[in-house]
1. For region 119-155, what are the residues that are outside any loop (DSSP other than H, G, I, E, B), of a type in the set (A, V, I, L, M) and either without any contact (Cβ under 8 Å) to a residue 40 or more places away in the chain or over 21 Å from A56 (Cα atoms) (or both)?
2. Does D30 fit the bill of being of a type in the set (D, E) and closer than 23 Å to A392 by Cα?
3. Failed condition for V487, given (1) touching an Asp or Glu at 6+ places or on another chain (Cβ under 7 Å); (2) closer than 23 Å to E67 by Cβ; (3) part of a helix (DSSP H, G or I), with all others met?
4. Would it be correct to say that A573 is at positive phi and touching a residue at least 60 places away in the same chain (Cβ under 8 Å)?
5. Could you count how many residues in region 421-447 are under 30 Å from M208 (Cβ atoms) and more than 16 Å from the chain's Cα centre (by Cα)?
6. Residue by residue through region 282-297, note down the ones that are within 22 Å of D664 (Cα to Cα) and either part of a loop (DSSP other than H, G, I, E, B) or more than 22 Å from the chain's Cα centre (by Cα) (or both).
7. Taking F91 as meeting all but one of (1) touching a residue at least 60 places away in the same chain (Cβ under 8 Å); (2) closer than 19 Å to F608 by Cα; (3) out of contact with any Leu (no Cβ under 8 Å at 6 or more places or on another chain); (4) surrounded by fewer than 21 Cβ atoms within 10 Å (Cβ to Cβ), write down the number of the exception.
8. Consider only pairs whose beta carbons are under 7 Å apart and that are at least six residues apart or on different chains; among these, list those whose first residue lies in region 664-685 and is within 17 Å of T293 (Cβ to Cβ) and whose second residue is among the charged types (D, E, K, R).
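The values are calculated or read from the model by the stated rules, or taken from the named source; none is laboratory data. Please read all numbers here as calculations on a predicted model, not as lab measurements. Every residue, glycine as well, gets a Cβ built from its backbone with ideal geometry; the counts of neighbours run over all protein chains shown.
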Amino acid sequence: MSSTEIPVNQAVANWNTPLGLPDFTKFCDDDLESALDAALPRHLEEVAEIAECPDAPTFENTIIALELSGNLLDRAGCIFWNLTGSHTNDFLQALERKMAPLMARHQSAISMNNKLFARVDRLYQARKTLGLNKEASRVLEKTWKGFVRSGAKLSAEDQKNLAKVNQRLAELGTSFAQNMLHDENDYALILDSEDHLAGLPDFLVASMAAAAGERGEKGRHAVTLSRSIIEPFLTFSEKRELRETAFNAWISRGAHDGNHDNRPLIAEIVLLRAKKAAILGFETFADYKLDDTMAKTPENVMQLLELVWQKALARSNEEEAELAALVAGEGKNHDVAPWDWRYYSEKARASKFDLDQNILKPYLQLDNIIQAAFDTATRLFGIHFKEHEDIATYHPDIRVFEVLDANNERIAIFLGDYFARSSKRSGAWMSGLECQHKLNCGATPIIINTMNFARPPQGDPCLLSMDDARTLFHEFGHALHGMLSNVTYPSVSGTSVSRDFVELPSQLYEHWLTVPETLARYAIHYKTGKPIPQELVDKVLSAQTFNSGFATVEFTSSALVDMAFHALNEEKAEAIDAMAFQNDLLEKLKLPKSIVMRHASPHFAHVFSGDGYSAGYYSYMWSEVLDADAFRAFEEVNNPFDSVIAAKLKKEIYSSGGSMDPEDAYIAFRGKLPSPEAMLEKKGF
């Protein structure tokens, strides 16, 4: 059946609502499957037309034509992949398992189309004679490199083998993600005794009661694996045996016998990635992934990680000694176990800084922190936000905002999806339904921030921890990267930048959360309506590097394991037992027994549910070097909202997308590349 014979509900393809959003009331899951079934062959037909064009290749009839192809696939795919992450069900999960290998096969068919690559290659070889501007030249270069990195220059046999590897990797990544979602949704530690709630603050008790009610356990309390419940439970619960039970469930996601065990998937994924790298002519998958990044080589990454690891390890040992003294001071003789660290570090924080998280949290209302993120963008970039409450989306939780510039012209649509639910995977992320570009009539970006905050009882405000609030600012920084994009071509729009640059706009934006005037204006006590006292602000700022050894060891151990897996060549990858490999490395690193990886391999979704952050988890730290230096530009003029610096930041970082090399973009903003000193100082090392 040709693509034109497959019926497509036009509501999936044509978004004719007032804000340009899909009308989610006019199509169902079956319609998405039909649209995807039609979109794949239709896209291949469009690509074939470009490849078979009888005219000599030009930038317009080849590169721009490719940029504009696949519209139905883009639209149906964006809806579908967003739903599989944020509001899935059995049908969508089955469709996801079907689509993952089909999409991999589809991309291989395009990237290995010899006639198409011949046209792209001809343009690339003649690029200096085409009279292209810098952005168009960048698009041509990225297109050519994309084909080469996808196997366009391989022999037919190697292309066939690479396509098989890609298809299997897509299947494994989907299984890995769905196994994690199953474990996260399947677990709840039900508490039915008041004694079990000892030490827990009111906000957490209320959230746990709501979570139990959602699971049919009305009148009881549930510890779930949602980070906004499990972390405060580990921080405040006085019941050590319950902390241990909950902690072990949390770190065991994907690591147990049965149908949802991710451990055997890891070894196969690592081996297939090593095979892929070898087929493409790279020694290891890490060499392949880093070839197109700011870091360039695994050696450069390891130099940074090892520098930070030694400093973090030393600091964490000091921190553990302080916690051990608290344990002994209570007359107990146990070591500091991983399920003890948050509990005793909170006691240490309260003692050292007179800062109790229970006192801070009532000042951090979700609605106010959202407004703080918006207001920061208004002051920096001159944009403002108008909420529309009458727009139907894919879930009642979703909030819809129109983003307007100084002339009241719409520049983007922003969707906020803030609460945890069983149909949503864990974590926080930015995604989109439409990217900005200027081809044909252009496109207005539609950007989504997804969080997993614990839902409060009906009628109560949602109160955030400082980490929650920082996460919201982080993801909104990503959203701004998409919403402020100002490029011509879709392929370099918004966050379409190298992996170790993409975290700069998000991590940089976090700095404005703790600007004193932000806290003074938006940290308002939910009961009294009074702003946060300056004394408490000072305590928050003075405690910013507290527990930094623990946090950095958690992160860096994960980044080092990621790099180690992907630094294996094909021969070495053949022989690994994934968990033994992970554990042997952690032993060599001398990871303290009191700290675990932030993401143990069986639930390391960044790395194994897809290859986005594979050999790339380090990029958060790489970008942290950039963001610490970038915020210094504002500190140097003693004004976090300096208009001249903000205008340059918007132009060179937030609006330029992938239209220029990331090093060039950073130098255009800052005048130089940074060294790690500002980042190390920010961590207190």
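1. If the condition is that a residue be outside any loop (DSSP other than H, G, I, E, B), of a type in the set (A, V, I, L, M) and either without any contact (Cβ under 8 Å) to a residue 40 or more places away in the chain or over 21 Å from A56 (Cα atoms) (or both), then V148 is the only one that fits.
2. Answer is yes for this residue.
3. That leaves (3) as the condition not met.
4. no
5. 3
6. Passing the criteria: D291, D292, T293, M294, A295, K296, T297.
7. Condition not satisfied by F91: (2).
8. These pairs meet every condition: A665/E652; L673/E663; P674/D629.
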